[in-house]
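The values are calculated or read from the model by the stated rules, or taken from the named source; none is laboratory data. Keep in mind that this is a model prediction, so the values were computed, not measured. Here Cβ is always computed from backbone atoms with ideal geometry, including for glycine, and neighbour counts include all displayed protein chains. Keep in mind that these areas ignore ligands, DNA and RNA; they rest on the heavy atoms of the full protein, side chains included. Shrake-Rupley method; radii C 1.70, N 1.55, O 1.52, S 1.80 Å.
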Amino acid sequence: KTVIFMNMKDIAKELGISVATVSRAINNSDNINPETKKKVLEFVEKSGYTPNAIARNLSKMESRTIALLIPNISNPFFASLVEEICKAFSKTQFQIALYNTSEDLEQEKKAIKNILGERIAGVIAVLIKGTYDNNPFESLINHNIPVLLLDRDTTSFELPGVFLDNFNGAYKVVKRLLEKGHRKISILTGDLNSITSQERLRGYIKAHEDMEIPYSKEDIYEGDFLIDSGYSLGKEILKTPSTALFSSNNLMLLGFLKASREMKKDIDLACFEELDILDIFDIEVLACKIPLNIMGEKVFELFFTDKNKRKKIYIEPILKEGEK
């Protein structure tokens with residue numbers, strides 16, 4: 001798709017209004033009719049308008065900066081993943097600009113809009129949601145800025161990226177719990193609008209089916225991948241006869257541990273990914289080891305792959321050695 005950079009004069013002509021009116025709308029002035037302002041901003045969003053100076057930078061593509069969108073930098077998993085990506089790109093002249101979107105859709109939109117106004121060579125993004133009404137990266141793609149997805153995929157649009165095999169990781173952990181004799185395993189999922197959550201739940205269900213052990217929908221608790229949901233739902237789980245927990249991520253597991261300590265009740269713990277800090281406290285958790293170094297290397301390789309050959313790459317989690 002050919003990119004045509006527009007200036008305010010072009011927009012004014014298209015909409016049949018003055019250049020001054022366009023300027024007031026773009027610069028968020030109060031001295032403009034709200035309906036006119038909305039009309040201008042909707043056109044700007046649709047057309048991918050970029051100020052002239054920025055457009056020149058984009059067309060030159062001289063940037064050596066890659067924008068990395070992360071949904072929660074306080075999550076040890078994402079912090080470690082960022083480290084591996086930075087390590088991979090440190091072999092080049094490229095540098096990483098980190099955008100923490102805090103699992104908030106508005107923050108994600110703002111970050112993408114800000115990226116378009118910067119001299120960016122490409123984008124690597126861990127998404128907030130699993131479904132979108134429109135591709136939030138369309139304006140970037142229209143400016144020939146490569147976008148790769150990382151860790152979380154979406155059903156709303158197709159983009160290359162590096163993802164975990166969420167189904168097989170969850171399947172391995174839950175199957176091992178069943179092999180250990182557990183017959184009532186509660187699961188803490190993330191938001192089930194997320195493909196990541198859906199696939200980890202599917203792994204939980206499939207493990208039960210393959211072992212010919214029934215599961216109950218009552219043992220499925222939908223969280224949001226954050227500590228508070230692990231804590232509040234943990235209090236509910238600990239009132240049930242469940243003998244084991246499978247947490248879909250490490251933050252919810254931490255929330256569950258807090259509830260467990262308060263209620264003075266312990267059950268066997270399992271998590272999709274390992275959390276090294278728990279070893280310090282001698283807390284046993286059945287978990288997968290995530291090869292973050294491989295994820296970092298693969299997204300690095302994908303970034304420098306010809307755009308027509310970029311694809312989706314899936315990394316399989318490894319059940320920790322020595323798990324009984």
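In segment 17-33, of all residues being of a type in the set (Val, Ile, Thr) and part of a loop (DSSP other than H, G, I, E, B), the one that is surrounded by the most Cβ atoms within 10 Å (Cβ to Cβ) corresponds to ILE32.
Check segment 258-273 and report whether any residue there is part of a loop (DSSP other than H, G, I, E, B) and in contact with a Ser or Thr (Cβ under 9 Å, 6 or more places away or on another chain). Yes, that holds for at least one residue.
Quick grid of which residues meet (1) modelled with pLDDT under 90; (2) buried (at least 16 other Cβ atoms within 10 Å of the Cβ); (3) under 26 Å from the mean Cα position of the chain (by Cα):
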{"site": "VAL40", "(1), (2), (3)": "yes, yes, no"}
{"site": "GLY48", "(1), (2), (3)": "yes, yes, yes"}
{"site": "LYS60", "(1), (2), (3)": "yes, no, no"}
{"site": "ARG64", "(1), (2), (3)": "yes, no, yes"}
{"site": "PHE77", "(1), (2), (3)": "no, yes, yes"}
{"site": "ASP104", "(1), (2), (3)": "no, no, yes"}
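Test LYS113 against the criterion of being touching a Pro at 6+ places or on another chain (Cβ under 9 Å), assigned to a helix (DSSP H, G or I) and open to solvent by 10 Å² or more (accessible area, probe 1.4 Å), and give yes or no. So LYS113 does not fit the description; no.
In the set SER247, SER229, SER242, which member is polar (S, T, N, Q), over 25 Å from the mean Cα position of the chain (by Cα) and modelled with pLDDT of 95 or more?
Numbers: SER247 fails: over 25 Å from the mean Cα position of the chain (by Cα); SER229 fails: over 25 Å from the mean Cα position of the chain (by Cα).
Of SER247, SER229, SER242, the one residue that is polar (S, T, N, Q), over 25 Å from the mean Cα position of the chain (by Cα) and modelled with pLDDT of 95 or more is SER242.
Scanning segment 131-159 for residues that are touching a helix residue (DSSP H, G or I) at 6+ places or on another chain (Cβ under 6 Å) and either open to solvent by 40 Å² or more (accessible area, probe 1.4 Å) or in a loop (DSSP other than H, G, I, E, B) (or both) returns PRO136, HIS143, ARG152, ASP153. Taken over segment 176-235, the criterion of being open to solvent by 20 Å² or more (accessible area, probe 1.4 Å), in a helix (DSSP H, G or I) and acidic (Asp, Glu) is satisfied by GLU179, GLU199, GLU209, ASP210, GLU218, ASP228. Quick check: is even one residue across segment 240-250 open to solvent by 70 Å² or more (accessible area, probe 1.4 Å), out of contact with any Cys (no Cβ under 7 Å at 6 or more places or on another chain) and hydroxyl-bearing (Ser, Thr, Tyr)? Taking every residue of segment 240-250 in turn, none turns out to be open to solvent by 70 Å² or more (accessible area, probe 1.4 Å), out of contact with any Cys (no Cβ under 7 Å at 6 or more places or on another chain) and hydroxyl-bearing (Ser, Thr, Tyr). Restricting attention to segment 279-316, the residues that are touching a helix residue (DSSP H, G or I) at 6+ places or on another chain (Cβ under 9 Å), open to solvent by 90 Å² or more (accessible area, probe 1.4 Å) and assigned to a helix (DSSP H, G or I) add up to 1.
Count, please, the residues in segment 287-304 that happen to be among the β-branched types (Val, Ile, Thr) and either touching a Lys or Arg at 6+ places or on another chain (Cβ under 6 Å) or without any contact (Cβ under 8 Å) to a residue 40 or more places away in the chain (or both). Quick ask: steps written out before the conclusion?
Taking segment 287-304 first, the residues among the β-branched types (Val, Ile, Thr) are 290, 294, 299.
From what is left, the residues that are either touching a Lys or Arg at 6+ places or on another chain (Cβ under 6 Å) or without any contact (Cβ under 8 Å) to a residue 40 or more places away in the chain (or both) are 294.
Total satisfying the criteria: 1.
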